[in-house]
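The values are calculated or read from the model by the stated rules, or taken from the named source; none is laboratory data. Keep in mind that this is a model prediction, so the values were computed, not measured. Using ideal geometry, Cβ is built from the backbone for each residue, glycine included, and neighbour counts are taken over all protein chains shown. Surface areas here come from the heavy atoms of the whole protein model, side chains and all, with no ligands, DNA or RNA. Shrake-Rupley method; radii C 1.70, N 1.55, O 1.52, S 1.80 Å.
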Amino acid sequence: MWGGRFEGGPSAVMRVINASIPFDKALWRQDIAGSKAHVAMLAKQGIVSAEDAQTISDGLDAVAADYARDGVPELLDLEDIHMVTERALADKIGPAAGRLHTARSRNDQVATDFRLWVREAIDEIDAGLAALIDALIARAEEHADSVMPGFTHLQSAQPVTLGHHLMAYHDMVARDRGRFADARARMNRCPLGAAALAGTGFPIDREATAAALGFDSPTTNSLDSVSDRDFALEYLTAAAQCALHLSRLAEEFVIWASQPFGFVSLSDQWSTGSSIMPQKRNPDAAELVRGHAGRVIGCMTSLMVTMKGLPLAYSKDMQDDKPPVFEAHDLIGLAIAAMTGMVESATFRTDRMRGLAESGFATATDLADWLVREAGLPFREAHHVTGRAVKLAEDRSVRLHELPLADLREIDERFDESVFGVLSVDASVASRQSLGGTSPVRVREAIARARAARGEEGA
């Protein structure tokens, strides 16, 4: 393919290290689409004849049919998907195939193919995240009133509702969708026509090829067009952040499924057993989602390190841009699907959740707030008084609401009977009516907003 410049062929090792066809064959659909848009533009501009353009386009369709049926052959001597396709096209239509590469380079060709692939990958991920959001909304609505302990430092802190807890992950996933959408909008510019690095002297129409491939516009600098992969890095960054959120939810399920907690029972679909311990039900799917997050972060880091020191324009290092993106896409897709399945099918043990919420003095803050509202204490003093009440309850192995009023009045004489109205977990969650709070009223409002947002997407 290099013409007469080289007298000898590459070494066996060079053939292998130089070839990207084993992985960039995944771009064959995008490569065919880009080539068809390019040759149509060449014909429209009078750069190739209409007859040759039609022959090339029909030949590309035939090559695509072969790929769909038989797969892409891994011909290492031809290096990449672009040259493998050009050779396949030549085998079908003869010398006219050589006109296809007029006014383009493999540099702008691969940049275009890769953007098309990442754009489609984002659309796939967005559909998966939308399904996860729907699952979270549905289960949150089911448990808008179900009391559970809220934790800080994995210590019982204040009572919340399971619906509120699940809607926290809804909000995280909604932001993840936004990050992917932002990345898609920024990357939707077409590099085709930038050629090797400097543009081309042929009278091409870059607006036409951009429109034909669904891009918003062409890229505006030929050097930047072929030399940056920030669109892929943005995808990986969004994927890494999404993987972190999925990993946190997976970790919750791992903890909740353990016998000490017993908050959730995962379905057989998302659990495994033990080869030696018959009683085991292991949350392997959740653990793998958690593990996949590290691999996705590794993919992001890999491409960042590849790109960090490259001068303009194209360098062969950039051949290694695709494997981490392909790997991350597979991993994040699996993690989203697995987490969606677990959320949809989990059996939540709300009796266990309530029981733990009622132990551990989770309404202590409500007691302190009562002292501020009803007795006029500064919060710091109320905090100290409440701490003494908690210590007394702990010493007696009782709950706060089980302390006799007389004992509370020994701590502070301003206590009266009305204090017991704030010490139940139901009263506690009902009182948290600030915007974004855990009150079932607020949780249902959040669910309604989320459902409305999903409805607007479908409109």
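Below, the figures for the structure above:
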| item | result |
| --- | --- |
| Span per principal axis, largest first, for the Cα atoms of the range 107-356 (Å) | 75, 38, 31 |
| Relative contact order of the chain, defined on C-alpha pairs under 8 angstrom at six or more residues apart (%) | 16 percent |
| Cα-only Debye scattering, the range 20-152: base-10 log of I(q)/I(0) at q = 0.21 Å⁻¹ | -1.23 |
| Relative contact order for the range 107-356, counting Cα pairs under 8 Å that sit 6 or more residues apart, in percent | 24 percent |
| Apportionment of accessible area to carbon and sulfur, the chain, percent (1.4 Å) | 52 percent |
| Anchor K36: lysines whose Cα lies under 30 Å away (excluding residues fewer than 8 positions away in-chain) | K25, K44, K92, K316, K322 |
| Whole-number Å³ per residue for the convex hull built on Cα positions in the chain | 204 Å³ |
| Counted charge near L78, where neighbours are those whose Cβ lies closer than 14 Å (Asp, Glu -1; Lys, Arg +1) | -4 |
| Residues whose placed amide H lies under 5 Å from that of A157, excluding near-sequence neighbours | G150, F151, T152 |
| Surface per residue (accessible, 1.4 Å probe) for the chain, Å² | 47 Å² |
| Whole-number D in µm²/s for the range 37-112 (Stokes-Einstein; Kirkwood sum over Cα pairs; 20 °C, 1.002 mPa s) | 167 µm²/s |
| Inter-label distance for V13 and V398, nm, one decimal - labels placed 7 Å from Cα along Cα-to-Cβ | 8.0 nm |
| Ratio of the Cα radius of gyration of the range 228-273 to 2.2 N^0.38 Å, where N counts its residues | 1.69 |
| Descending principal axes extents, the range 217-319, alpha-carbon based, whole Å | 62, 29, 21 |
| Point-charge dipole on Cβ atoms (K/R +1, D/E -1) for the chain, about Cα centre, debye to 20 | 360 debye |
| The chain, helix-only ellipticity at 222 nm - DSSP H runs n ≥ 4, -39,500 (n - 2.57), divided by all residues, nearest 500 | -20500 deg cm²/dmol |
| Positive minus negative residues near T306 (Lys, Arg vs Asp, Glu; Cβ under 10 Å) | -1 |
| Options G94, A64, A43, ranked by Cα towards positive dipole end of the range 38-98, top entry (Cβ charges) | A43 |
| Using a Förster distance of 45 Å, the FRET efficiency for R281-E456 (Cβ separation, nearest 0.05) | 0.65 |
| Under 11 Å, Cβ to Cβ, from G193 - net charge with Lys/Arg +1 and Asp/Glu -1 | -1 |
| Rg/Rh (Cα only; Kirkwood hydrodynamic radius) as it applies to the range 353-459 | 1.14 |
